[in-house]
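This report refers to the structure that appears directly beneath it.
Each reported figure results from applying straightforward, stated rules to the coordinates on display, with no laboratory input. In this text the structure is predicted, and so the values were computed from the model without any measurement. Here Cβ is always computed from backbone atoms with ideal geometry, including for glycine, and neighbour counts include all displayed protein chains.
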Amino acid sequence: MDKVIRIFTDGSAIGNPGPGGWGTVFAQGKTRWEMSGANPWTTISEMELVAAVQALRILPVRSRIELYSDSEYLIYGMRAFVFRWQRHGWRNRRGAQLQNRDLWAELVGLNARLSIRWMWIKGHNGHRDQTRADMLAYEAARSLWVQRKAAA
C-alpha cells in the first residue's frame with residue numbers, strides 16, 4: 001500500500017469576508033476520506049489555511065504527506081516565506097503584523113512533526129480530488145449563508 005497520504009485542500013468565503021468553508025480530501029492508495037467545516041465570518045485566505053491545519057492535525061507524527069492546494073498564499077507561504085516572517089516577529093516585508101499568525105504558527109509546528117511536501121495545483125483544472133475539496137468548501141460556506149438568509 002502507498003504510504004504517502006495525499007491531501008487536497010480548499011477554502012471558500014461568500015462575500016470575502018463572509019460565511020466561509022473549508023474542504024479536505026485525503027487519498028492513500030485507493031482509499032479516500034473527506035472533512036469539511038465552516039466559519040460564520042472569515043476570508044478565503046483564512047479558510048485555505050484552516051483546511052490545511054484541520055487536515056494535518058489528525059495525522060500521526062512523521063506521516064509522509066503531499067499536500068495539494070490551489071492557494072499560492074498557503075503553498076508559497078510554507079515553502080518560502082513563513083520562516084522569514086517568523087524571524088521578523090511575524091511581520092511582513094512592510095513591517096505590518098502578519099494576518100492569520102496563529103494559523104501560520106500552527107502550520108510551522110505541524111510541518112516540524114510531519115514530513116510534508118507542499119504542492120501547488122491549478123484550481124478548477126478537473127482534478128477529481130481538488131474539485132471535490134473545492135465543492136466541500138463551497139457547500140460548507142453556502143450552508144451558513146443560507147442559514148443567515150433564512151434567519152433574516
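Which residues, taken from the stretch 85-140, are within 24 Å of S12 (Cα to Cα), without any contact (Cβ under 8 Å) to a residue 60 or more places away in the chain and of a type in the set (A, V, I, L, M, F, W, C)? Once the filter is applied, which keeps residues that are within 24 Å of S12 (Cα to Cα), without any contact (Cβ under 8 Å) to a residue 60 or more places away in the chain and of a type in the set (A, V, I, L, M, F, W, C), the stretch 85-140 yields L98, L103, W104, A105, L107, V108, L110, W118, M119, W120.
Before we move on, is T31 of a type in the set (V, I, T), buried (at least 16 other Cβ atoms within 10 Å of the Cβ) and under 20 Å from Q130 (Cα atoms)?
Working: of a type in the set (V, I, T): yes; buried (at least 16 other Cβ atoms within 10 Å of the Cβ): no; under 20 Å from Q130 (Cα atoms): yes.
Against the criterion (of a type in the set (V, I, T), buried (at least 16 other Cβ atoms within 10 Å of the Cβ) and under 20 Å from Q130 (Cα atoms)), T31 does not qualify.
Within the stretch 47-79, being touching a residue at least 60 places away in the same chain (Cβ under 8 Å) and either out of contact with any Gly (no Cβ under 9 Å at 6 or more places or on another chain) or within 19 Å of G29 (Cβ to Cβ) (or both) holds for L56, R64, I65, E66, L67, Y68. Go through the stretch 84-100 residue by residue and tally those that are closer than 23 Å to D70 by Cα and surrounded by 14 or more Cβ atoms within 10 Å (Cβ to Cβ). Count: 4.
T24 - would you say it is buried (at least 23 other Cβ atoms within 10 Å of the Cβ), under 16 Å from A137 (Cβ atoms) and of a type outside the set (A, V, I, L, M)? I'd like the intermediate steps shown before the answer.
Numbers: buried (at least 23 other Cβ atoms within 10 Å of the Cβ): yes; under 16 Å from A137 (Cβ atoms): yes; of a type outside the set (A, V, I, L, M): yes.
In short, yes.
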